[in-house]
């Protein structure tokens, strides 16, 4: 039996040491997931804590068919969505063209930004845009499934993604101008 299996078995027996070890193994990665969906560190920490409670409550449902990390990640995403689902304002939106192309200048600016700076830009997005952006771009979930998950229309999901990308492009452009002036 490998170490992870031992830790999970200990968690199933409600052993504090095993729960602590599982937390230490996955907290940093899961916090990163929470941070992508949350608007700030405080919300991310709340989601992280609630997510681990759910993990420990539902660990007996994990069947080792896939990775434990993937199973846990889904729990944390669901916790984040549950937290923000009630906050999402369903905007009346017009269908917007998805402009997926970055200019060379924007791509260069994006390359010059650190992962933390990019995460900060994503966190600054309004909740509904940030959720759709993360689900579509980071998780690879299609608009039809996002619409069901968030109880919005498919066109609203597409429009929210397009608006999120436009906001991010504007923020990247501002960062680019700032970087160029600083150099």
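A few comments on the model shown:
- Computed from the C-beta positions of residue 58 and residue 119, the FRET efficiency with R₀ = 25 Å rounds to 0.35.
- Alpha-carbon centroid distance for the pair the range 135-157 / the range 41-88, whole angstrom: 18 Å
- Spacing of the two label points (7 Å from each Cα toward its C-beta) at residue 74 and residue 137, in nm: 2.5 nm
- Pairwise FRET efficiency - residue 170 versus residue 41, Cβ, R0 = 22 Å, nearest 0.05: 0.40
- Ascending count of other beta-carbon atoms within 10 Å, so fewest first, for 173, 115: 115, 173
- Ordering 33-39, 20-26, 48-54 by mean Cβ neighbour count within 10 Å, with the highest value first, yields 33-39, 48-54, 20-26.
Values quoted throughout were computed directly from the atomic coordinates according to the rules given, and no laboratory measurement underlies them. Every value quoted in this text rests on a predicted model; they were computed, and no experiment measured them. A quick note on method: Cβ atoms are made from the backbone with ideal geometry, for glycine too, and the neighbour counts reach across all protein chains shown.
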